[in-house]
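Peer 1: My questions all concern the structure below.
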Amino acid sequence: MTTPNSRSIAIAAKGLRKAYGDKTVLDGIDLAVPAGTVFSLLGPNGSGKTTAVKILSTLVTADAGHLRVGGHDLAAGPQAVRATIGVTGQFSAVDGLITGEENMRLMADLHHLSRREGRRTAAELLERFDLIEAAKKPAATYSGGMKRRLDIAMTLVGNPRIIFLDEPTTGLDPRSRHTMWGIIRELISGGVTVFLTTQYLAEADELADRIAVLSDGKIAAEGSADELKRLVPGRHVRLRFADPVAYRTAAVALRETPRDDASLVLQISCDGSQRELRALLDRLDSAGLEADELTVHTPDLDDVFFALTGGTRVPNETEEAVR
Ligand SMILES: Nc1ncnc2c1ncn2[C@@H]1O[C@H](COP(=O)(O)OP(=O)(O)OP(=O)(O)O)[C@@H](O)[C@H]1O
């Protein structure tokens with residue numbers, strides 16, 4: 001497995017600070033995104049995700065911090081950074097008055113591609129993003145998902161190796177969101193580094209190699225989705241019985257267990273490891289009991305998010321049916 005240390009770092013921030021007036025938005029954060037990986041920045045509304053993207057993509061200046069993107073120092077070589085990156089913001093760069101194809105050509109001109117190369121690149125990307133049929137229609141007539149696809153296609157005209165996606169699926173329906181996830185996965189398999197902000201924790205869970213949670217201007221936690229989920233207690237096993245007698249016997253055998261008499265369900269604290277599951281099954285076996293259903297419950301990223309950003313939530317654990 002590739003570890004962060006064994007790859008070059010595409011995006012690095014040390015002591016990144018930014019305040020607007022007396023409001024400190026980023027209070028000295030450190031980030032390191034290995035090349036070819038997806039890094040997701042999560043955080044509540046107004047926590048500074050877009051500010052971080054704007055700073056790292058040279059649109060806004062940091063107050064302090066040592067920042068390197070694509071091997072270039074951000075303060076010394078912002079032009080070199082701009083030549084390496086692509087940015088798709090919350091607010092689309094698509095011009096609705098002209099066609100999808102014209103938007104692409106405009107982008108090709110901005111990248112100083114020759115006329116021939118511009119046409120070729122535009123056609124290739126429109127095809128890749130399933131926009132050929134709509135290419136000659138004004139972009140204002142496109143659906144939200146199509147506009148977002150055109151936006152990303154435009155970002156790719158310069159063949160950037162590092163892409164910032166600021167909430168790329170906000171407002172998209174589930175189908176368009178899944179299409180976008182497929183597009184992002186395709187970018188990743190092409191070796192592009194992706195810096196993704198999102199409000200959808202499932203999206204970070206689905207796509208990101210590493211996730212950082214921003215809260216009160218600091219990184220409250222960072223790790224893989226699994227590492228973050230392990231930070232939150234609450235893993236347990238649920239046993240459901242069809243037979244009330246078996247249920248009551250199990251409740252006595254597994255004392256101290258929260259129970260739900262109405263649905264004949266017992267809840268046992270368990271980390272879900274093979275060792276603990278075996279011990280639990282041994283206890284049931286020695287009492288001569290067999291549950292009708294056994295499910296392992298793990299906290300999801302929503303639980304992590306609420307735990308780290310100081311909110312509360314109604315539990316909604318992901319379940320893995322064991323049998
Ligand atoms: N140009 C600006 N001038 C003053 N305050 C700003 C400016 N840009 C952002 N802010 C403030 O900085 C804070 C962080 O904003 P930012 O947009 O980075 O958050 P965010 O995490 O991306 O939020 P959201 O999830 O709602 O997009 C907010 O309180 C916002 O009001």
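The values are calculated or read from the model by the stated rules, or taken from the named source; none is laboratory data. If you're wondering where the values come from, they're calculated on a predicted model, not measured in any experiment. Reconstructed Cβ throughout: ideal geometry from the backbone, glycine too, with neighbour counts over all protein chains shown.
Peer 1: Would you confirm whether any residue within the range 274-289 is part of a loop (DSSP other than H, G, I, E, B), more than 30 Å from TYR20 (Cα to Cα) and among the charged types (D, E, K, R)? Full working, then the answer.
Peer 2: Step one: list which residues in the range 274-289 are part of a loop (DSSP other than H, G, I, E, B), which gives 287-289.
Subsequent filtering for residues that are more than 30 Å from TYR20 (Cα to Cα) retains 287-289.
Going one step further and asking which of them are among the charged types (D, E, K, R), we end up with none.
No - not one qualifying residue is present in the range 274-289.
Peer 1: Please verify whether the range 5-25 includes one or more residues that are away from the ligand (no atom under 16 Å from the Cβ), among the hydroxyl-bearing types (Ser, Thr, Tyr) and surrounded by 14 or more Cβ atoms within 10 Å (Cβ to Cβ).
Peer 2: no
Peer 1: Can you pull out the residues in the range 166-198 that are out of contact with any Phe, Trp or Tyr (no Cβ under 9 Å at 6 or more places or on another chain), among the polar types (S, T, N, Q) and within 16 Å of the ligand (Cβ to nearest atom)?
Peer 2: THR198
Peer 1: Look at THR84 and say whether it is more than 30 Å from ALA140 (Cβ to Cβ), away from the ligand (no atom under 13 Å from the Cβ), among the polar types (S, T, N, Q) and at pLDDT below 95.
Peer 2: Working: more than 30 Å from ALA140 (Cβ to Cβ): yes; away from the ligand (no atom under 13 Å from the Cβ): yes; among the polar types (S, T, N, Q): yes; at pLDDT below 95: yes.
So THR84 fits the description; yes.
Peer 1: GLU102 is checked against (1) closer than 25 Å to LEU172 by Cβ; (2) surrounded by fewer than 14 Cβ atoms within 10 Å (Cβ to Cβ) and fails just one. What number does that condition carry?
Peer 2: (2)
Peer 1: I'd like the full set of residues that are crowded, with 18+ Cβ neighbours inside 10 Å and either in contact with a Cys (Cβ under 6 Å, 6 or more places away or on another chain) or closer than 30 Å to ASP27 by Cα (or both), limited to the range 170-187.
Peer 2: ILE184
Peer 1: Name every residue in the range 66-111 that is among the small types (Gly, Ala, Ser), under 20 Å from ALA35 (Cβ atoms) and touching a helix residue (DSSP H, G or I) at 6+ places or on another chain (Cβ under 9 Å), in order of residue number.
Peer 2: Residues satisfying the conditions are GLY70, GLY71, ALA83, GLY86.
Peer 1: With respect to GLY36, is the statement that it is within 22 Å of MET180 (Cα to Cα), touching a residue at least 24 places away in the same chain (Cβ under 8 Å) and of a type in the set (Gly, Ala, Ser) true? Explain how you work it out, then say what you get.
Peer 2: On the way: within 22 Å of MET180 (Cα to Cα): yes; touching a residue at least 24 places away in the same chain (Cβ under 8 Å): yes; of a type in the set (Gly, Ala, Ser): yes.
So GLY36 fits the description; yes.
Peer 1: Taking ALA212 as meeting all but one of (1) surrounded by fewer than 23 Cβ atoms within 10 Å (Cβ to Cβ); (2) within 16 Å of the ligand (Cβ to nearest atom); (3) among the small types (Gly, Ala, Ser), write down the number of the exception.
Peer 2: Exception for ALA212: condition (1).
Peer 1: Out of (1) of a type in the set (Ser, Thr, Tyr); (2) touching a Gly at 6+ places or on another chain (Cβ under 6 Å); (3) under 27 Å from GLY145 (Cβ atoms), what's the single condition that is false for THR99?
Peer 2: (2)
Peer 1: If you don't mind, another one. Does THR50 fit the bill of being at pLDDT below 95 and either in contact with a Gly (Cβ under 8 Å, 6 or more places away or on another chain) or outside the structural domain of LYS23 (by TED's automatic domain parsing) (or both)? Outline the logic, then answer.
Peer 2: Working: at pLDDT below 95: yes; either in contact with a Gly (Cβ under 8 Å, 6 or more places away or on another chain) or outside the structural domain of LYS23 (by TED's automatic domain parsing) (or both): yes.
Taking the combined requirement at face value, the residue satisfies it.
Peer 1: Something else: Tell me yes or no: at least one residue of the range 229-244 is surrounded by 20 or more Cβ atoms within 10 Å (Cβ to Cβ) and at pLDDT 90 or above.
Peer 2: Scanning the range 229-244 turns up at least one residue that is surrounded by 20 or more Cβ atoms within 10 Å (Cβ to Cβ) and at pLDDT 90 or above.
Peer 1: Within the range 142-159, can you find the residues that are touching a residue at least 24 places away in the same chain (Cβ under 8 Å) and surrounded by fewer than 14 Cβ atoms within 10 Å (Cβ to Cβ)?
Peer 2: Within the range 142-159, SER143 is the sole residue that qualifies.
Peer 1: Which residues, counting only those in the range 14-33, are in a strand (DSSP E or B), within 17 Å of SER47 (Cα to Cα) and of a type in the set (Gly, Ala, Ser)?
Peer 2: Of all residues in the range 14-33, those in a strand (DSSP E or B) come to 14-20, 23-33.
Narrowing the set further to residues that are within 17 Å of SER47 (Cα to Cα) leaves 15-20, 23-31.
Answer for the range 14-33, where residues must be in a strand (DSSP E or B), within 17 Å of SER47 (Cα to Cα) and of a type in the set (Gly, Ala, Ser): GLY15, ALA19, GLY28.
Peer 1: In the range 29-58, how many are more than 13 Å from GLU222 (Cα to Cα), among the polar types (S, T, N, Q) and away from the ligand (no atom under 12 Å from the Cβ)?
Peer 2: Residues flagged as more than 13 Å from GLU222 (Cα to Cα), among the polar types (S, T, N, Q) and away from the ligand (no atom under 12 Å from the Cβ) within the range 29-58 amount to 3.
Peer 1: For the range 189-202, what are the residues that are buried (at least 18 other Cβ atoms within 10 Å of the Cβ), within 22 Å of ALA10 (Cβ to Cβ) and at pLDDT below 90?
Peer 2: Passing the criteria: only THR198.
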